[in-house]
Structure formats: structure tokens, C-alpha cells
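The values are calculated or read from the model by the stated rules, or taken from the named source; none is laboratory data. Since the structure is predicted, the reported quantities are computational estimates derived from the model, not experimental observations. Cβ atoms come from the backbone with ideal geometry, glycine included; neighbour counts cover every protein chain shown.
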Amino acid sequence: MPFEFMLSPALKKQFSEKYGTSDYQSYFGMATRQILPAASQAKHDYRGYYRQPLPPGTRFTEWGVACTPGSLSHFVRMEHPMVDMESPAEIEAYPFPDLDGPLRFAKMNQHVESVKKSGYAAVAHMEMTIFECAWYLRSMDQLLIDMYTNNKMAVVLLDRITAVREAQAAGYAQAGVDIIRLGDDVGTQKAMLMDPDMWRKLLKPRLAKVITAAKSVNPQVLVFYHSDGNILPIIPDLIEIGVDILNPIQPECMDPAELKRMYGDKLSFWGTIGTQTTMPFGTPDDVRREVRDRIATVGKGGGLFLAPSHILEPEVPWPNIEAFAEAVWEYGTSYR
């Protein structure tokens, strides 16, 4: 059974010290490899978009979002370059990144081919696809106000991001990747972050455009969609617009076995192991039981890529990580 987990920097350091290598994907036999575009050729000075001086150590994303040093582990504090903008024209004038530029994809075909020849699935990452990207730029408070008051600022910003993402998705599909990872966190622990009808009005049609852009180039490419939290109301919508794989299916928020019963003929599932509960706070035997249960229920008949529901943070003990991998190896062929 395919599986993966992602390690926080602190755990990566522990792994290197423990095993004498930094390549934990190969060590544990994970099934995928990430495909990255070449670095951007366009250079912008985004500091002028911030009203306050930014501290030493600030770095900027390709979208111009400032990430200032945080106080805990690898976390950073985010600043929003569009938070004070007052007109759609200001958004239109903003220097959006060239994520869809031809030079970004020039050598990607060779990389994809190499990954596939090595026996791995080639995965392109485009998470934080539209909504999260927009609030990183505008701030969540201001973006949600724009959305709920029908402010044209929201429409212009979402459309600009969608256009970039459409071209980017088409580029990845053209390069032959197996899976394109899309996603926006639109769920809380209990319910949607916004009214599902608001999501359907403003985000669903734009996400559909991105998926169509990829599948019109390569109908075989698999579309992965990530959202933390409880997103039960929109799962049928995601299926309708072409999502093939749902992630991460937090067991603290949604029942993985029930989702398998409801949608297992239309969706595959990637995740399902709790990172708020079992991985940090359970015993190795708890981890093994949860892995065995997921394989027996969600994995029965196929359609499960087993993974923790988020990156593994420093409080996850190494015996639990080892127990996860060992349990997949032990039970992963039992329910095909």
C-alpha cells in the first residue's frame, strides 16, 4: 500500500542523526516524488507594499507575501501586501508571479520522466491554490469581508490568481505529472469556514477552471484536493468538478470509513491518520491499530494512500513514526 509522511525540520534533524541520511522518503520506501518548476526569472521588490518596516530575517514568497521570523520551531508570522488596498486597479497593478512562465517548465519533462523511470509517482504541488493564496495576499479578515459584501476586490483578486493557476496546471499536465495537488483550507474542526453556498459561488467555478485546464491537456492526470477540517457539504461538488483524490480526511472531524462507504466508488482517499490525536499522543500500539483499521475499512478494495493528516510536528515520538511505517508494511497487502 502506498504511504507517506512529512517531517517538520526538527524531526528531519532527528532522522538524519538517527539514520545517517537525510533522505527519509527513500529510507522508508515512499511512493511519490515532488516535481518543482525552475526558479522564477522575474525579481520584484515587494517591501514597498508593507506599511511597517520588516524585521531582519524576513523572506518573501513568490507572491510577495512577507514571512517574518516566528517564535516557535519552523513557524513564521505572515504579513499581507494587499491588506490596505482600496481599489481593484491596485490589485491589477500588483506584480503577480510568473508561475506559468515557459522557462519555469523548460526542463520539467526530463525530471518527470526520470522520476517515473525510478518507479515513483510524479507529484506537482499547487496547494494554497486560490482561497488561501488570496487571503495570504489580502488577509483573511479583509478577504472574507470582501467576499461577503460583494466587493469587486474579491472578484478581481480571485480571478487574477485563477488565471495564473490555470496556466500553471496546464504546464504540469503537459510535463506528464501523475498527480496535481490542489487545495485550500476551507473547513474548521466542526464545519465549513464559510457558507457552502458562498464557496459554490466564488470558489467552486474557479477551482473547476484550474482542473479543466489540467485535464484538457492530459485527461489521465489525477487531481488531488486538500482541505483540513470538516468539508462534508462540498464533497459532492468536488467530485462534480473532477477531483479524484481527497486529502487529508482528518479523523477528528470526519469519519474516514463513512466517507469510503459514501464516496468510495468516486474518490480515492489520501491521509486518514490523526495528527492531533494518535500520532503525537498515542502509543506505538495505538498507531498500529489505527493503521490496521484504516487499511481494513478505507483501504478495502483499493483507493487508499495512507498518511498522517498533516506534517508531523516535533512532539511526535520516533517510535510512533516507526510504528506507522511498520504497520503499513505488515497490513498493507491484507485487504486488496
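Side notes on the structure shown:
- Looking at Thr283, Thr275, Thr297, just one residue is at negative phi, polar (S, T, N, Q) and touching a His at 6+ places or on another chain (Cβ under 8 Å), and that residue is Thr275.
- Evaluation of Ala257 against (1) under 30 Å from Glu313 (Cα atoms); (2) buried (at least 19 other Cβ atoms within 10 Å of the Cβ) (one fails), failing number: (2)
- Only one of the listed residues (Asp237, Asp286, Asp293) is surrounded by 15 or more Cβ atoms within 10 Å (Cβ to Cβ) and under 23 Å from Gly187 (Cα atoms). That residue is Asp237.
- Among the candidates Ile91, Ile161, Ile145, residue that is β-branched (Val, Ile, Thr), surrounded by fewer than 18 Cβ atoms within 10 Å (Cβ to Cβ) and in a helix (DSSP H, G or I): Ile145
- From the list Lys190, Lys215, Lys152, Lys204, the one residue that fits, being within 27 Å of Pro88 (Cα to Cα), among the charged types (D, E, K, R) and more than 18 Å from the chain's Cα centre (by Cα), is Lys152.
- Residues in the stretch 292-335 that are of a type in the set (D, E, K, R), under 18 Å from Ile245 (Cβ atoms) and at pLDDT below 95: Lys300 only.
- Put simply, of Met78, Met85, Met108 the only residue that is crowded, with 17+ Cβ neighbours inside 10 Å and at pLDDT below 95 is Met108.
- Note on the stretch 284-320: among residues that are part of a loop (DSSP other than H, G, I, E, B) and among the charged types (D, E, K, R), the one that is farthest from Lys12 (Cα to Cα) is Lys300.
- For the stretch 262-305, the set of residues classified as out of contact with any Phe, Trp or Tyr (no Cβ under 6 Å at 6 or more places or on another chain) and aromatic (Phe, Trp, Tyr) consists of Tyr263, Phe269, Phe281, listed by residue number.
- Inter-residue pairs, beta-carbon under 8 Å, first closer than 23 Å to Leu99 by Cβ and in contact (Cβ under 8 Å) with a residue 40 or more places away in the chain and in the stretch 47-69, second of a type in the set (Gly, Ala, Ser) and surrounded by 10 or more Cβ atoms within 10 Å (Cβ to Cβ), 6+ apart: Tyr49/Gly64
- Residue pairs meeting the criteria (Cβ under 9 Å; at least 6 apart or on separate chains; first within 20 Å of Arg165 (Cα to Cα) and part of a helix (DSSP H, G or I), in the stretch 101-113; second modelled with pLDDT of 95 or more and among the charged types (D, E, K, R)): Val112/Asp178
- Qualifying residue in the stretch 142-151 (condition: among the β-branched types (Val, Ile, Thr) and in contact with a strand residue (DSSP E or B) (Cβ under 9 Å, 6 or more places away or on another chain)): no
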